[in-house]
Amino acid sequence: MALAAGRAMLMRSGVRLGTQAAARGGNGARRFMNHRVVVEPNTVPGVAVIKFKNPPVNSLTLEFLTEFVICLEKLENDKTFRGVVLTSDCPGIFSAGLDLREMCGKNPAHYAEYWRAVQEMWLKVYLSNLVLVAAINGTSPAGGCLIALSCDYRVLADNPRYRMGLNETLLGLVVPFWFKDTLVNTIGHRASERALQLGLLFPPAEALQLGMVDQVVPEDQVQSTALSVMTQWLAIPDHVRQLTKNMIRKATADHLIKHQEADIQNFINFISRDSIQKSLQVYLENLKQKKH
Ligand SMILES: CCCCC/C=C\C/C=C\CC/C=C/CC(=O)SCCNC(=O)CCNC(=O)[C@H](O)C(C)(C)COP(=O)(O)OP(=O)(O)OC[C@H]1O[C@@H](n2cnc3c(N)ncnc32)[C@H](O)[C@@H]1OP(=O)(O)O
């Protein structure tokens, strides 16, 4: 998605771009702040840290997706950056995945706009020229897991309360084919068959065993480990690494690009069904009630 289109989408969503601010941190480094995504240049040269800050659970709202894509585009266009660590500012939660309220009780035009934003976010992350390392410091179901799976490397906090996986079937949803492809490319066909049909969410030890993440480390070392892994990836010249990444990922991305409009229409038809709307409402209601 072009930056201009993203800005237009932000405007349509009622987000004021004027609220973005550039400030200087204690070390004099620039720190870009949006509402929901904070970008911090880090101590490692050429590396930025993106922190998801969409409380309470970093759900992927339309506004969040738009800010996230714009942030990544800015970093890609700024040649001082070669790598980005993605992490969360919400304690215990990397991202709760797609925002269920965006898919519930809205009209087809909204569903189309939302689904296009989800697609564009995935394409941006999956095909990024930057090295992307996920520092997964919390639970990451469904869309949250997709973001992590689309990075080049994943470091997960060793906390048995954190779960990771594509749990769509537990919500009565069918996993989109490109979510499925991303998982299959990471953990293989057989493991994906079981994980996707049962909607399994894995604790850290199992996620590591399956190859869903590359490393599990103590919670307070997630970001530092991600940054030291980044140094290893940045030792490779950008152009050869980028061409290699593209060679491996292009076919998967092209599959969506070729069928992007049909995928949007399928999403609208599916999500608009009464039975699906009912399932989502019940799921949201259960989330609320578990507090009481
Ligand atoms: C046949 C043809 C097929 C064609 C198919 C085409 C397309 C495919 C169609 C559809 C696919 C759609 C894909 C969806 C992928 C997704 O990402 S769905 C989202 C999945 N996410 C989840 O299941 C996570 C749900 N949340 C939780 O489990 C917990 O909230 C948590 C993350 C573990 C955190 O728990 P915690 O106790 O800390 O917090 P609360 O549960 O109290 O939540 C606080 C607050 O936040 C609200 N909330 C939580 N998650 C979401 C969410 N994903 N979206 C929106 N809102 C969320 C929760 O309701 C609470 O709200 P409050 O009560 O108002 O405070």
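The values are calculated or read from the model by the stated rules, or taken from the named source; none is laboratory data. In this text, all values refer to a predicted model and were calculated from it rather than measured experimentally. Counting neighbours? That spans all protein chains shown, and the Cβs are built from the backbone with ideal geometry, glycine included. These area figures cover heavy atoms from the full protein model, side chains too; ligands, DNA and RNA do not enter into them. Shrake-Rupley method; radii C 1.70, N 1.55, O 1.52, S 1.80 Å.
Annotation: of all residues in the stretch 66-120 being in contact with a helix residue (DSSP H, G or I) (Cβ under 7 Å, 6 or more places away or on another chain) and basic (Lys, Arg), the one that is nearest to Asn269 (Cα to Cα) is Arg116. For Leu10, indicate whether it is open to solvent by less than 40 Å² (accessible area, probe 1.4 Å), at pLDDT below 95, of a type in the set (A, V, I, L, M) and out of contact with any strand residue (DSSP E or B) (no Cβ under 7 Å at 6 or more places or on another chain). Spelling it out, Leu10 is indeed open to solvent by less than 40 Å² (accessible area, probe 1.4 Å), at pLDDT below 95, of a type in the set (A, V, I, L, M) and out of contact with any strand residue (DSSP E or B) (no Cβ under 7 Å at 6 or more places or on another chain). Among the helices (runs of 4 or more DSSP H) confined to the stretch 101-195, the ones with at least 1 residues that are more than 13 Å from the ligand (Cβ to nearest atom) and either within 18 Å of the chain's Cα centre (by Cα) or at pLDDT below 95 (or both) are located at 108-126, 177-187.
The rows are residues; the columns are (1) touching a residue at least 40 places away in the same chain (Cβ under 8 Å); (2) open to solvent by 30 Å² or more (accessible area, probe 1.4 Å).
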site	(1), (2)
Ala134	yes, no
Pro141	yes, no
Ala148	yes, no
Arg154	yes, no
Asp158	yes, yes
Leu166	no, no
Phe177	yes, yes
Phe202	no, no
Leu210	no, yes
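The set of residues in the stretch 37-76 that are acidic (Asp, Glu) and either under 16 Å from Leu98 (Cβ atoms) or open to solvent by less than 10 Å² (accessible area, probe 1.4 Å) (or both) comprises Glu63, Glu67.
The condition of being among the aliphatic types (A, V, I, L, M) and open to solvent by 10 Å² or more (accessible area, probe 1.4 Å) holds for only one of Leu130, Leu100, that being Leu100.
Only one entry in Val216, Val222, Val229 is outside any helix (DSSP H, G or I), under 19 Å from Arg154 (Cα atoms) and open to solvent by less than 80 Å² (accessible area, probe 1.4 Å), namely Val216.
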